[in-house]
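For reference, the structure discussed in these notes is given below.
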Amino acid sequence: MKKYVHAASTALILFVLLSCGSETPGTVHEPEVTLETDTYIPLNDTLSAKRDAFETRATDEMKRIYAEGIASVENSGILRSAKQVGDTAIFFTLPDASGTRVELKQLLANGPVVLTWYRGGWCPYCNLTLARLQEELPKFKSAGATLIALTPERPDSSLTTAEKNNLEFEILSDAGNGVARQYGVVFKLTDEVAKSYQESFGLHEFNGDASNELPLAATYVIGTDGVITYAFLHADYRERAEPRDILAALERTK
């Protein structure tokens, strides 16, 4: 009789253990958690890291020169005089890197346009921004928009920039900053910054002139009616329009 009870008890214990698998008694089954894989990383976080790297290696004299250059832009009044939200965009025709003429008016017939400026392929902040815009390009297209970037670089220089960054959107050469001037986003470098740029990488050769003028790293969203619905204007070239802000503007733009 004792053997029977012992065998029955053993069988019961085995059954319980098998039913629980390898888990210990009292284990609570939590629902599966799906991690967010499409986390937005702000473009300006990437640019800030680049700026911090510059701050650690640059001389105090170089930091002073560039800081005074940014202050000069801030004090020039350009941020107030440039085209703003609600203004009508200036229509233009400019050549792309291959020489093909591109018309803003024609692009607007197909949907809103994201119009952005970059200073040149020599600018690391510009290259980081262009690369990020390329990543976001499918989202801009899904919103029905066309992305175009203007630069004062000569066409052969802009072609190099486009190839280096594997860009699939239009890069238009705005020689002499003609269109940028119409939008009010052109400023003159301070003498010290101009000298630094010329000695460092040959700004005049990149742009094909010795004007020492550059555009703000401005970005506009233009509706099909030609009205500007979003404007990013900043004196500091290390600050750029966030792609998610551009997309939000496109959602509000017809």
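Each value in this text was obtained by applying a stated rule to the coordinates, not by laboratory testing. This one's a predicted model, so the numbers in the text were calculated from it and none came from an experiment. Heads up, the Cβs are rebuilt from the backbone with ideal geometry, glycines too, and the neighbour counts pull from every protein chain shown.
What's the center-to-center distance, using Cα atoms, between region 220-235 and region 68-132 in Å? Cα centroid to Cα centroid, the span is 10 Å. Taken over the chain, the ratio of Cα radius of gyration to 2.2 N^0.38 Å equals 1.56. Per residue, the convex hull around the alpha carbon atoms of region 151-197 comes to 93 Å³.
Placing unit charges on the Cβ atoms of the charged side chains and taking the dipole of the chain about its Cα centre, the candidate lying farthest along the positive direction among Leu159, Ala248, Ile70 is Ala248. For the chain, modelled as a GNM whose springs connect Cα atoms under 10 angstrom apart, the maximal fluctuation among Phe206, Phe91, Phe232 occurs at Phe91.
The length gained on full extension between Ala131 and Glu74, counted as 0.36 nm times the residue separation minus their Cα-Cα distance, comes to 17.8 nm. When the alpha carbon gyration tensor of region 89-156 is reduced to an equivalent ellipsoid, the three semi-axes, largest first, read 20, 17, 9 Å. Just want to confirm a number: the relative contact order over the chain, from Cα pairs under 8 angstrom separated by 6+ residues, in percent. It comes to 24 percent, rounded to a whole number.
When you filter the GluC sites (Glu not before Pro) in region 146-197 for DSSP loop state and at most 15 other Cβ atoms inside 10 Å of their Cβ, you are left with Glu168. Neighbour counting of Cβ atoms within 10 Å sorts the residues Thr46, Thr161, fewest neighbours leading, into Thr46, Thr161. Dipole magnitude for region 54-252: computed about the Cα centre from +1 point charges on Lys and Arg Cβ and -1 point charges on Asp and Glu Cβ, it is near 360 debye. For region 103-230, the square roots a ≥ b ≥ c of the C-alpha gyration tensor eigenvalues yield an a/c of 1.5 or more together with a/b exceeding b/c, which makes the shape prolate.
Please name which of Tyr40, Val186, Leu108 has its Cα lying farthest along the dipole of the chain towards the positive end, using unit charges on Cβ (Lys, Arg +1; Asp, Glu -1) and the Cα centre as origin. Toward the positive end, the furthest listed residue is Tyr40.
Within the chain, the whole DSSP H helices whose Cα atoms reach 20 Å or more along their own axis and whose mean Kyte-Doolittle score is at least 0.5 are 2-20.
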